[in-house]
Every structure is written in C-alpha cells, then in structure tokens.
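Participant: Questions regarding the structure given below will be posed in turn.
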Amino acid sequence: MLVVLVALLLASAVLISLVGRTVRETVTTAVQTRAEQVAADVAGGVGAAQFGGSDDGAQVQVVSGNRVVAASPGLAGLAPLSDVRPAAGSTLTATVDGRLLEESGDSYRLVALGLDPSTGADRVIAVQSLAVAESTQDLVQRLAAIGVPVLLLVVGAATWLSVGRALQPVEAIRARTARIQAADLSARVPVPATRDEIASLANTMNAMLARLESSAQAQRAFVSDAGHEMRSPVAAIRTEVEVAQRAGVGETTLSDVLSETGRLERLVDDLLVLARADESRVPLHRMDVDLDDLIEAERARLRDRGIAVTASVGAARVVGDRSALARVVRNLVENAARHAAGRVHLACGTDSAVEGAAWLEVDDDGPGIPPADRERVFDRFVRLDEARAREDGGSGLGLAIVRELVTAHGGQVDVLDGAVLPGARIRVWLPAQPPSGENA
C-alpha cells in the first residue's frame, strides 16, 4: 500500500501539473489568435466596433503610445494594460493580476502584438481570464484528494484478499504439518492444484515425509529384529545357567554358555558396525591390502573345518582397511559355507578394464538365490531359509555388513548365477583408489 500510495501521489502531481499547463496553453493560443485577428483588422482599416470582444472571451485594446485607440466593452475606459511595446509583428506574452482590470482574484493571460505605426496604432493587447484553467486544475486536485485514498483502500483490500487466498494452501500445509506426530508419519500435506511453487513445496514435503516414514519403519524393524535376535542367545544362556544351578556345572554346560555368549558378542558387534554405517562414519584405516592373502586364510580355515574348498587366486592388491576387508571375505565365506551342499569355491584377481581395481568371488553348490531375492538378501535380518539360518547361528546381518563395508570402500557387491559351482555366486568389486574425502 505504501508503494501504491507513493505511485499515486506522484501520478496525481504530474496529472495536476499537466492539466493546468495544457489549459493555460490553450488560453494562450486563443488570446494570441485573437490579437492576430485584431491586428489584421486594424491593418485593413476596420473600425474598433468590429473587433470588440465579448466578456467571456479574449478582450483587446488597440493602443498608440499611452493612448487606447479602441477597446473591447469589458476594457472600455481602462488605461493600457501593459507598457511593453514589441516591434511590429513581434509578440510578448505575460500573466497579469486581475486587479489591473479593476477586478480581483483571477489571473489573466496577456499577449501584446506589435503593429506598424502607419496603421494609427503601435500595438494590440489581448487578455483572457485564466479562471477556467485554475478551476480545472483545482477540480483535478480535489478529485485526486478523494480518489487516491479510495483507490488506496481498494488496492489494500484487493491485495489483502488475493494474498490471503493465495496463502490459504500454505496455511493448510502448515496446519497439517503441525498435526503430524513422530509416531505416525503416514499423513501427507495437501497439494494444491495450482501447479506453482506452493504445489512444488507440498510435493517436496510429501516426499520428505515419505522418506522419514520409510526411515522410521526401517528403524522400528531394525530394533524389533535386533531385540528378537538378541533374545535367543540370552535365553539360551539363562537356561544353561539354571541347569548348572540345579545339576552342577559341567564341561558341556560351560561350552554351551561360552558358545551362546560368543554368538551374542558377534551380534552386538555386527549391530555396532551397522549403526556406524547408518551414521556414515565407518572407521577405515587405509593401507595396501592383498586380497589373495585374505582368500588363502579363509581357504585354510574352511579346510580345517572339513569343508571342501577350491580356489582360483590371482595377485590382487587394493588400498583399504585390512580388518574391514577381512570381515567382508569372512562373512561371504561363512554365508557360502552355511548354504553349500558340500563345496565352496573362492577366487580373486584384478580388473583388466580398470588399472589397480580388483575383484573377489565366492561360489557355493547350494540352492542359489532367486533373481527376485538378489537385492533383498543385503537387507538386515533377511533369511531366505529362516529355520536353517537360525539353527546354524546366522543372524541375517552378514551380507548387510558386506554391502556397507564394500560401499564405504567405494566398491560394489552383486549376486550372480553360479559359474564354477551351480549355486550362488557373490562378486565384490573394489576400485583402484578409495573414495575422496575418506579419512586415512
């Protein structure tokens, strides 16, 4: 409203000035035209009665020196209205006070036109009142004084209503957002049909709410699954301790308690790794790591457990965290051994397409992983064979940890069809250089 007020005041001032100047110029033109007509009549020898003007138009005086030769009825008996004596054919224009005409209030436009002395006069003086111009200017000023406040109120009301209506979707979004609780993120804000920036804001907020809801659901599922997984070893430990209290502590009982304690310790360790991965702060101490050495260590460990294992090992060195990469290989080998029918195959090598990049593969002769589940197996607490995985001590976190650690190294892990063996083949690719910005 302040901006409109300033604009209206400036426009009104310009309009009033233009109207006054335009009307004054019109009067000046009329007076000059009248003076020229009279001058032509005088030069033609026409008598004064022929050029006497009326009171409502331009009035004239024909002057010779200081003597009025002829005058319009309204100027009869008055001395010359001006002492100026322009040269023959020249014109002088001025504004004079109405008191010179024995009147008050109005101003007059005066035009003096020089004549040839041979005509019996040396000048023609024509005047006309500026009352019409001044009254017109006053009228415009009064109209502006009334119209500007009215127009300002109209603009203010229209702006208030239009902006209020435009912001109604924003208020609806705000009100809906205020009612959304952390316990229920399924609500969405209304999206207006305007297809403008507000609609884009609503769509962005709904997308954010969808991500928050998905994250909250994953978190609740993670907590539920973690609690469920930790309940089993804790219950087993409690049972073993109760048996020991009743029957005396035996070597088998202590062994079982130690086994369940180790399982619980591994589960807690896995949960801590995933928690750090969720916060994007997996600690990596980078150094040169030979993948073939890690493969050979796991190959020897499987042989000691009596599992048939073959290997196709090539020299493969990457820059990464040795303990983290060892854990990747260990989890892949344990997963393959758990699902294999009797054989496991290990392989590693370098990527011929990318200098310095390396890969490793773990195959088994188990039932394999269906294509529909090859992405899902990397989710947390996922077991394709639930009963068998629980019996073997699997928590469903091994492959999830593999993906998090490989991703932290800038690599990629995929499930493929078996090549050497008919079961599943899990392939890990690691880049030649670690991702930029990682701490050494």
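Every read-out reported here was derived from the displayed coordinates using simple, explicitly stated rules and does not represent laboratory data. Keep in mind it's a predicted model, so treat the numbers as computed, not measured. No Cβ is skipped: glycine too gets one built from the backbone with ideal geometry, and neighbour counts run over all protein chains shown.
Participant: What does the charge add up to near PRO86, with Lys and Arg as +1, Asp and Glu as -1, over the other residues with Cβ less than 15 Å from its Cβ? Kindly include the intermediate steps, with their values, before the conclusion.
Facilitator: Numbers: positive: ARG85, ARG123; negative: GLU36, ASP83, ASP116, ASP122.
In short, -2.
Participant: Next question. Apply 1/(1 + (r/R0)^6) to the Cβ-Cβ distance of GLU213 and ARG374, taking R0 = 35 Å, and write down the FRET efficiency to the nearest 0.05.
Facilitator: 0.85
Participant: Using a cut-off of 12 Å between beta-carbons, work out the net charge of the residues near ALA357 (Lys and Arg +1, Asp and Glu -1, ALA357 not included).
Facilitator: -1
Participant: Just to confirm a number: summing +1 for Lys and Arg and -1 for Asp and Glu over residues other than MET287 whose beta-carbon lies under 9 angstrom from that of MET287, what do you get?
Facilitator: Net charge in that neighbourhood comes out at 0.
Participant: Using a simple spin-label model with points 7 Å from Cα along the Cα→Cβ vector, what separation in nm is obtained for SER352 and THR22?
Facilitator: According to this spin-label approximation, the distance is 9.0 nm.
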